[in-house]
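Let me begin by presenting the structure, written as structure tokens, before commenting on it.
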Amino acid sequence: MERAGMKIFDVTREIREDMQVYKNKDTKRPKIEIIAAHEHHGIQESKFHIESHTGTHIDSQVHFIKNGKSILDIPPESFISDCFVFDLTKIDGRITKQDLEKFEIRPKTFVLLKTKNSFDKIFNFNFIYLEKSGAKYLADKKLLGVGIDALGIEREQP
């Protein structure tokens with residue numbers, strides 16, 4: 001899709017009942033329910049039961065910071081900007097400042113970190129994550145946002 005000379009790519013993952021969920025917990029699995037069927041109602045309607053920390057999602061500040069901004073406080077248009085995808089598929093374990101220094105990182109853009117996580121079919125408790133030095137390095141770049149191809153970015157580090 002193009003918009004005013006800009007290409008827009010949809011990188012969202014399909015929502016399915018058998019999709020990867022955080023820590024492989026069945027209680028977090030999406031459920032798609034047909035609540036009205038053509039045979040009885042002349043129409044079909046569906047209901048989705050899904051946790052916000054499933055599939056492609058955005059963690060707002062309040063996810064990590066008490067009294068931080070909620071997703072409701074962030075205008076949707078602020079998520080449309082230049083974006084750079086960095087191929088880190090050769091990294092094992094963690095992404096550090098040293099791993100990121102080789103990329104040209106521009107302020108006021110989004111950065112997506114592509115890792116081996118993209119190839120996991122189920123939740124990998126040892127997913128590739130952004131280590132503290134890498135997080136600080138990116139924060140100092142004054143980015144609009146950072147994304148990763150996992151259901152978490154910090155792997156339980158403070």
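Against the conditions (1) open to solvent by 50 Å² or more (accessible area, probe 1.4 Å); (2) not in a loop (DSSP other than H, G, I, E, B), where does Ile65 fall short? Just the number, please.
Of everything listed in (1) open to solvent by 50 Å² or more (accessible area, probe 1.4 Å); (2) not in a loop (DSSP other than H, G, I, E, B), Ile65 misses just condition (2).
Spot the failing condition for Ile32; the list is (1) open to solvent by less than 100 Å² (accessible area, probe 1.4 Å); (2) over 30 Å from Asn126 (Cα atoms), and only one is missed.
Of the numbered conditions (1) open to solvent by less than 100 Å² (accessible area, probe 1.4 Å); (2) over 30 Å from Asn126 (Cα atoms), the odd one out for Ile32 is (2).
Within region 51-62, restricting attention to residues that are open to solvent by less than 80 Å² (accessible area, probe 1.4 Å) and in a loop (DSSP other than H, G, I, E, B), which residue is modelled with the lowest pLDDT?
Applying the filter and picking the extreme gives His53.
Please enumerate the residues belonging to region 6-29 that are surrounded by 10 or more Cβ atoms within 10 Å (Cβ to Cβ) and polar (S, T, N, Q).
Scanning region 6-29 gives Gln20, Asn24.
Could you check Ser133 against (1) over 15 Å from the mean Cα position of the chain (by Cα); (2) of a type in the set (S, T, N, Q); (3) within 30 Å of Ile32 (Cβ to Cβ); (4) at pLDDT 90 or above and say which number it fails?
(3) is the only condition that Ser133 fails.
Does Phe48 qualify as being open to solvent by 90 Å² or more (accessible area, probe 1.4 Å), assigned to a strand (DSSP E or B) and over 26 Å from Glu156 (Cα atoms)? Let's see the steps before the verdict.
Working: open to solvent by 90 Å² or more (accessible area, probe 1.4 Å): yes; assigned to a strand (DSSP E or B): yes; over 26 Å from Glu156 (Cα atoms): yes.
Spelling it out, Phe48 is indeed open to solvent by 90 Å² or more (accessible area, probe 1.4 Å), assigned to a strand (DSSP E or B) and over 26 Å from Glu156 (Cα atoms).
Has region 69-85 got at least one residue that is in a loop (DSSP other than H, G, I, E, B), within 17 Å of the chain's Cα centre (by Cα), of a type in the set (D, E, K, R) and surrounded by 14 or more Cβ atoms within 10 Å (Cβ to Cβ)?
Checking region 69-85: not a single residue is in a loop (DSSP other than H, G, I, E, B), within 17 Å of the chain's Cα centre (by Cα), of a type in the set (D, E, K, R) and surrounded by 14 or more Cβ atoms within 10 Å (Cβ to Cβ).
Restricting to region 89-146, name every residue that is open to solvent by less than 60 Å² (accessible area, probe 1.4 Å), without any contact (Cβ under 8 Å) to a residue 40 or more places away in the chain, of a type in the set (Phe, Trp, Tyr) and not in a strand (DSSP E or B).
Correct list: Phe103, Phe127.
The values are calculated or read from the model by the stated rules, or taken from the named source; none is laboratory data. All values derive from a computational prediction rather than experimental measurement. With ideal geometry, Cβ positions are generated from the backbone for all residues, glycine too; neighbour counts draw on all protein chains shown. Each accessible area value is taken on the protein alone, full model and side chains, heavy atoms only, with ligands, DNA and RNA left out. Shrake-Rupley method; radii C 1.70, N 1.55, O 1.52, S 1.80 Å.
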